[in-house]
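What follows is a set of notes on a single structure, which appears directly below.
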């Protein structure tokens with residue numbers, strides 16, 4: 001899976017609810033073997049995918065020769081299914097590809113909980129990489145206690161990871177993210193409208209970005225920023 005070069009530590013807005021995990025991610029990117037495997041968890045939309053891409057970009061910024069394999073658990077599952085259909089030779093190639101990685105990143109690992117064959121393949125890849133001293137980074141929207149309840153060995157593997165949670169952003173962080181995004185997107189918003197958006201998003205970054213994207217589209221079509229009433233309607237509809 002291609003690393004998103006737009007997701008970096010530089011444009012990751014840090015606040016009280018994510019600062020520990022950001023520092024853990026930076027440590028992972030900047031050191032050899034320390035805090036690995038690293039398990040990052042938190043609700044959907046709190047910034048896990050941005051953060052793991054930032055890790056990959058930071059590693060490649062130092063050394064492009066480091067081999068990073070970044071995959072979502074869903075894509076990994078599809079790859080396993082394709083290999084099973086294609087035969088043993090393709091499965092061997094897949095296993096070798098991931099075991100040859102210097103850094104392995106798996107996003108949204110909760111997806112494989114009910115997929116036994118995929119779960120087994122992923123477990124042994126992570127276990128082997130860990131034993132070889134390679135770096136492993138895993139994310140999930142579920143905390144470790146709610147993962148792999150029917151697979152003791154995978155649950156035990158997760159429990160040995162360094163754990164870092166990203167909590168939903170508090171009001172100050174929502175305000176900082178809003179300020180960062182409107183500057184980046186060149187959206188001129190007055191304080192009343194900014195306060196309305198921050199209050200209406202209820203600590204939901206996805207909703208915040210949805211409102212700003214809609215405002216930007218409105219500006220391109222109407223050549224003007226929507227008024228407070230229209231923005232309140234957007235917030236109600238999201």
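Do we find that residue 158 is under 19 Å from the mean Cα position of the chain (by Cα), assigned to a helix (DSSP H, G or I) and under 22 Å from residue 44 (Cα atoms) in this structure?
Spelling it out, residue 158 is indeed under 19 Å from the mean Cα position of the chain (by Cα), assigned to a helix (DSSP H, G or I) and under 22 Å from residue 44 (Cα atoms).
In region 95-115, what residues are touching a residue at least 24 places away in the same chain (Cβ under 8 Å) and assigned to a helix (DSSP H, G or I)?
Within region 95-115, 95, 97, 98, 99, 109, 110, 111, 112 meet the criteria.
Is it the case that some residue within region 173-188 is over 24 Å from the mean Cα position of the chain (by Cα), without any contact (Cβ under 8 Å) to a residue 24 or more places away in the chain and not in a helix (DSSP H, G or I)?
yes
Let me spell it out: the conditions are (1) in contact (Cβ under 8 Å) with a residue 60 or more places away in the chain; (2) loosely packed, with under 15 Cβ neighbours inside 10 Å; (3) farther than 19 Å from residue 141 by Cα; (4) touching a strand residue (DSSP E or B) at 6+ places or on another chain (Cβ under 9 Å), and residue 11 meets all of them except one. Which number is the exception?
Residue 11 satisfies every listed condition except (4).
Please give the number of the condition residue 80 fails out of (1) surrounded by 15 or more Cβ atoms within 10 Å (Cβ to Cβ); (2) in the same structural domain as residue 148 (by TED's automatic domain parsing); (3) not in a helix (DSSP H, G or I).
Exception for residue 80: condition (3).
Taking residue 1 as the residue in question, decide whether it is closer than 14 Å to residue 136 by Cα and either surrounded by fewer than 20 Cβ atoms within 10 Å (Cβ to Cβ) or at pLDDT 95 or above (or both).
Answer is no for this residue.
Out of 129, 163, report the one residue that is under 30 Å from residue 62 (Cα atoms), touching a helix residue (DSSP H, G or I) at 6+ places or on another chain (Cβ under 9 Å) and assigned to a helix (DSSP H, G or I).
Result of the check over 129, 163: 129.
Here are some conditions: (1) farther than 30 Å from residue 170 by Cβ; (2) touching a residue at least 12 places away in the same chain (Cβ under 8 Å); (3) out of contact with any helix residue (DSSP H, G or I) (no Cβ under 8 Å at 6 or more places or on another chain). Residue 84 meets all but one. Which one does it not meet?
(3)
With the requirement that a residue be over 17 Å from residue 207 (Cβ atoms) and assigned to a loop (DSSP other than H, G, I, E, B), what does region 31-62 give you?
31, 32, 33, 34, 35, 36, 37
If residue 139 satisfies all but one of (1) surrounded by 13 or more Cβ atoms within 10 Å (Cβ to Cβ); (2) at negative phi; (3) outside any helix (DSSP H, G or I); (4) without any contact (Cβ under 8 Å) to a residue 40 or more places away in the chain, what's the number of the condition it fails?
Residue 139 satisfies all of (1) surrounded by 13 or more Cβ atoms within 10 Å (Cβ to Cβ); (2) at negative phi; (3) outside any helix (DSSP H, G or I); (4) without any contact (Cβ under 8 Å) to a residue 40 or more places away in the chain except (4).
State the number of residues belonging to region 41-53 that are within 19 Å of residue 16 (Cβ to Cβ) and at pLDDT 90 or above.
Selection size over region 41-53: 8.
Return the pair list, or none, for Cβ contacts closer than 8 Å from residues in region 222-238 that are assigned by TED's automatic domain parsing to the domain that holds residue 186 to residues that are exposed (fewer than 15 other Cβ atoms within 10 Å of the Cβ), at least 6 apart or on different chains.
Cβ pairs passing all conditions: 225/188; 228/192.
The values are calculated or read from the model by the stated rules, or taken from the named source; none is laboratory data. All values reported here derive from a predicted model rather than from experimental measurement. A quick note on method: Cβ atoms are made from the backbone with ideal geometry, for glycine too, and the neighbour counts reach across all protein chains shown.
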